[in-house]
Amino acid sequence: MTTVTKPLATDINSILHPASATPRKVTADLSGSEVSSAVTSEGDQKIFQNGTKELGKQDFLQLLVTQMRYQDPLAPQDNQQFIAQLAQFSSLEGTQNITKSVEDLSKKLESMVSGQANSATSISNSSATSLIGKSVRVMASDIVYDPAQTAPIDINVHVDDATSVLTLVDSEGTIVNALPLTKSGELKVSWNGLKMDGTKVPGGKYALKVTSRDGTKETGYTFFEDKVKGLNYTKTGVRLEVRGQAVGLDQVVHVGEPETAAI
């Protein structure tokens with residue numbers, strides 16, 4: 001059996017001159033009418049595995065210490081330059097601390113606002129239960145007229161100015177009738193479904209507006225009164241069950257049993 005051995009010179013040469021790591025090589029391929037590149041890299045890339053996109057204060061301090069360690073002892077770093085770098089490091093640390101403090105404060109404020117909103121919602125939901133069974137006055141912006149009915153429609157009106165008018169407007173924005181109001185306070189107005197020329201209006205929904213005689217400003221509102229039958233808790237807030245309708249608290253203008261005077 002023949003044994004093949006390496007020459008001694010080869011072993012000595014590998015000890016005295018060890019093979020170095022293959023250097024990183026970058027090649028680019030430029031082609032086409034427009035410049036485009038395909039970059040590839042070879043070699044040891046371990047030193048890039050822990051790289052970060054941002055330079056933090058620890059990195060800045062490490063660079064400063066490394067610079068001092070490897071400075072030329074015969075030509076040391078200038079004191080003013082060293083102090084300037086220390087000032088930059090201090091400024092960087094202060095800026096990062098301020099940024100973190102602002103972020104922490106923002107989170108605390110968001111949490112506080114959210115907590116106050118939840119608390120306000122809980123209080124509103126709890127207080128609304130006291131309205132069940134009570135009579136409430138709800139602002140009404142329109143009425144529905146049925147030509148088959150023979151009895152006039154009673155409309156409750158709150159008037160601030162004795163020289164006002166109740167206007168009925170159809171879906172196209174046309175005024176079908178205007179009823180003068182000669183008293184202030186709570187009134188009950190009857191409408192028989194007629195236009196100003198005496199003809200019947202078609203069935204449908206009609207908007208109600210209480211304004212001055214010239215129509216330049218609002219001088220009151222129309223409303224209906226009934227008892228609260230129950231409550232509905234929705235994403236947009238509490239809704240009262242009044243006369244088969246879901247009424248928001250912002251539509252309630254009075255709680256109690258107000259008297260209405262006839263015209």
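Every number in this text was worked out from the coordinates using simple rules, so none of it is lab data. Fair warning: this is a prediction, and the values are worked out from it, not measured in the lab. Every residue, glycine as well, gets a Cβ built from its backbone with ideal geometry; the counts of neighbours run over all protein chains shown.
Annotations for the structure displayed:
- Distance between the 7 Å Cα→Cβ label points at K200 and S141: 2.9 nm.
- Cut-off 18 Å, label 7 Å out along Cα→Cβ of T174, residues of region 183-202 by amide N: 193-202
- Modelled spin-label separation between Q88 and A148, with each label point placed 7 Å from Cα along the Cα-to-Cβ direction: 8.8 nm.
- Region 135-262: relative contact order in percent, alpha carbon pairs under 8 Å with at least 6 residues between: 35
- With neighbour counts taken as other beta-carbon atoms within 10 Å, the residues I98, I143, I132 rank, fewest first, as I98, I132, I143.
- Label-zone membership for region 148-170, site R213, 7 angstrom Cα→C-beta point, backbone N under 12 Å: 162-165
- Percentage, to the nearest whole number, of Cα pairs in region 135-239 over 19 Å apart: 49
- FRET efficiency for the pair I98 and D72, taken as 1/(1 + (r/R0)^6) with r the Cβ-Cβ distance and R0 = 41 Å, rounds to 0.65.
- Mean separation of Cα contacts under 8 Å, 6 or more apart, over the residue count of region 193-263: relative contact order %: 14
- Measuring between alpha carbons in the structure, the pairs from K134/K183; K188/K229; K188/K209; K183/K217 lying more than 19 angstrom apart are K134/K183; K188/K229.
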